[in-house]
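Visitor: Take a look at the following structure, please.
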Amino acid sequence: MQLLMIGPLDQHMSTMARWVLKKGARVITAETVEKALPILRSGQGVDLILIDGHCPIAELVQSLQTERMHVPIIAYGEKKESSIAVRAIQAGAQEYLPLPPDPELLSAILESVTPKKEMLIARDSVSKKVLQLAKRVAISEANVLITGESGTGKEVLARYIQRESARAARPFVAINCAAIPEALLESELFGHEKGAFTGAVARRIGKFEEANEGTLLLDEISEMHPLLQGKLLRTIQEREICRIGGNRTLKINIRLLATSNRDLSEEVKKGNFREDLFYRLNVINIEIPPLRKRKEDILPLAEHFAKKYCKINGIEAKSFTESACLQLQRYAWPGNVRELENIIHRTVLLSDGALVARVEAIPDFTLQRDSFQMLGCPSSLPSGGFVGRTIPEIEQSVILETLRQCLGNKTHAARILGISIRTLRNKLHSYEQSALEEEHQKEVACL
């Protein structure tokens, strides 16, 4: 973890710096916001900013927003200066640390922003094989493509590979290609020079430079525009980048991981993904099976999430009844581990006593129970015609029904389904095209 401290180098700052160093974090100091901004732009991987409440916090927040840098800000100042604390929070600071600093409070703040190792639970034989393969390829320098449905834990596995690799002590940088607008993604990846385009007020280091000597994860790479795929291919081949607006190439040394919830070979056939880039990324392919195909993981994961959210919410530990366990195992989990985690979180909050007796009592869980039919399990609810249909057909039905329940709100529907809004739009577009093709075929048949 790396901490940037902004403010006069007084006794309080020195004391906080010593405590932070004892916790194993690295500290960078800057006396003013003007001196801090070049440090943030340099791609040194700042995880937290501690800033004197008298500094122009609003100016710092505005600069971070303008240049799309996301770093939590904690202000500090004398306990008696309540007006400074109010102004700091109003300006955009997440918390206010009163002086003299409390070691326990400072430690809690550091712990809250320190990346935690996510637990990998693999009890099913299928999951164990995936984990074994990931551990074998982790020690290599090969590019790895991780595929699987949304919510299966692709990023969690990518972080595991990085932790088991020779680059474990080096930076790990992740970027979600589906979450960033196409016009901004190139700048996020490769950086830009001052004045390269409107809004480029200063030089900005991109994710490739930030991850130099470490690992870069391109999450949901199938969402990347084909034009940008060409530049990415050249970067992978030449191991060098050029910032937007720059004329100098920079050598990079990274381990590249990528994830996709689509079949990239099919996307290549459709012309949505470059074939040469696919082969560059697909040196090693690790496919994570959906949760419905690794049933022995369901209960251990549910117990893990129940324990986690009981602790977070400060409530008594809960366990599952036999009927609840049976219900969890019967459900097909179209949203995979992400859906399981969300449902267990709500179950923990809504259940009375130490036992989780009725999972179906959770709002909107019963609406999804028709997916039990995907496993051929008995249910008191109508099958909805799922038996005998293909997975893509069932997926389409679930997506369209979720969208209908959300009254056409795509953002809300995407959140419930556990996919990006771009993925939802692409799927809806493909359904529309298929419908048009079917209509055209019917017209031809009539002729």
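The values are calculated or read from the model by the stated rules, or taken from the named source; none is laboratory data. These figures come from a predicted structure and were not determined experimentally. Heads up, the Cβs are rebuilt from the backbone with ideal geometry, glycines too, and the neighbour counts pull from every protein chain shown.
Visitor: Quick one: in region 227-251, which of the residues that are among the hydrophobic types (A, V, I, L, M, F, W, C) and within 17 Å of N282 (Cα to Cα) is nearest to the chain's Cα centre (by Cα)?
Guide: Across region 227-251, the extreme among qualifying residues is L232.
Visitor: While we're on this one: Here are F273, F305: which of them is assigned by TED's automatic domain parsing to the domain that holds Q396, under 23 Å from the mean Cα position of the chain (by Cα) and of a type in the set (F, W, Y)?
Guide: Testing whether each residue is assigned by TED's automatic domain parsing to the domain that holds Q396, under 23 Å from the mean Cα position of the chain (by Cα) and of a type in the set (F, W, Y) leaves just F305.
Visitor: Follow-up. Of (1) assigned to a helix (DSSP H, G or I); (2) touching a helix residue (DSSP H, G or I) at 6+ places or on another chain (Cβ under 8 Å); (3) over 19 Å from R167 (Cα atoms); (4) not small (G, A, S), F208 satisfies all except one. Which?
Guide: So F208 meets the others, but not (3).
Visitor: Further question: State all residues of region 118-133 that are in a helix (DSSP H, G or I) and of a type outside the set (G, A, S); if no residue qualifies, say none.
Guide: Passing the criteria: V126, K128, K129, V130, L131, Q132, L133.
Visitor: Okay, moving on. Quick one: is E316 more than 23 Å from the chain's Cα centre (by Cα) and not assigned by TED's automatic domain parsing to the domain that holds I161?
Guide: It is true that E316 is more than 23 Å from the chain's Cα centre (by Cα) and not assigned by TED's automatic domain parsing to the domain that holds I161.
Visitor: Could you look through region 247-304, keep only residues that are small (G, A, S) and without any contact (Cβ under 8 Å) to a residue 60 or more places away in the chain, and pick out the one that is surrounded by the most Cβ atoms within 10 Å (Cβ to Cβ)?
Guide: Checked region 247-304; the qualifying residue surrounded by the most Cβ atoms within 10 Å (Cβ to Cβ) is A302.
Visitor: List pairs: first in region 5-27 and in the same structural domain as A108 (by TED's automatic domain parsing) and modelled with pLDDT of 80 or more, second assigned to a loop (DSSP other than H, G, I, E, B) and among the hydrophobic types (A, V, I, L, M, F, W, C), Cβ under 7 Å, 6+ apart or cross-chain?
Guide: Cβ pairs passing all conditions: I6/C55; G7/C55.
Visitor: For residues in region 347-361 being surrounded by fewer than 17 Cβ atoms within 10 Å (Cβ to Cβ) and modelled with pLDDT of 75 or more, which is nearest to the chain's Cα centre (by Cα)?
Guide: For region 347-361, the residue satisfying everything is L349.
Visitor: How about region 134-164: which of its residues are touching a residue at least 60 places away in the same chain (Cβ under 8 Å) and in a helix (DSSP H, G or I)?
Guide: Selection gives A134, V137, K154, E155, L157, A158, I161, Q162.
Visitor: Do the conditions hold for G408, that is, is it modelled with pLDDT under 80 and under 16 Å from A179 (Cα atoms)?
Guide: In short, no.
Visitor: On to the next question. If you scan region 61-82, which residues turn out to be of a type outside the set (D, E, K, R) and under 24 Å from L185 (Cα atoms)?
Guide: Those that are of a type outside the set (D, E, K, R) and under 24 Å from L185 (Cα atoms): V61, Q62, S63, L64, Q65, T66, M69, H70, V71, P72.
Visitor: Restricting to region 321-346, count the residues that are farther than 23 Å from R415 by Cα and either in contact (Cβ under 8 Å) with a residue 60 or more places away in the chain or charged (D, E, K, R) (or both).
Guide: 2
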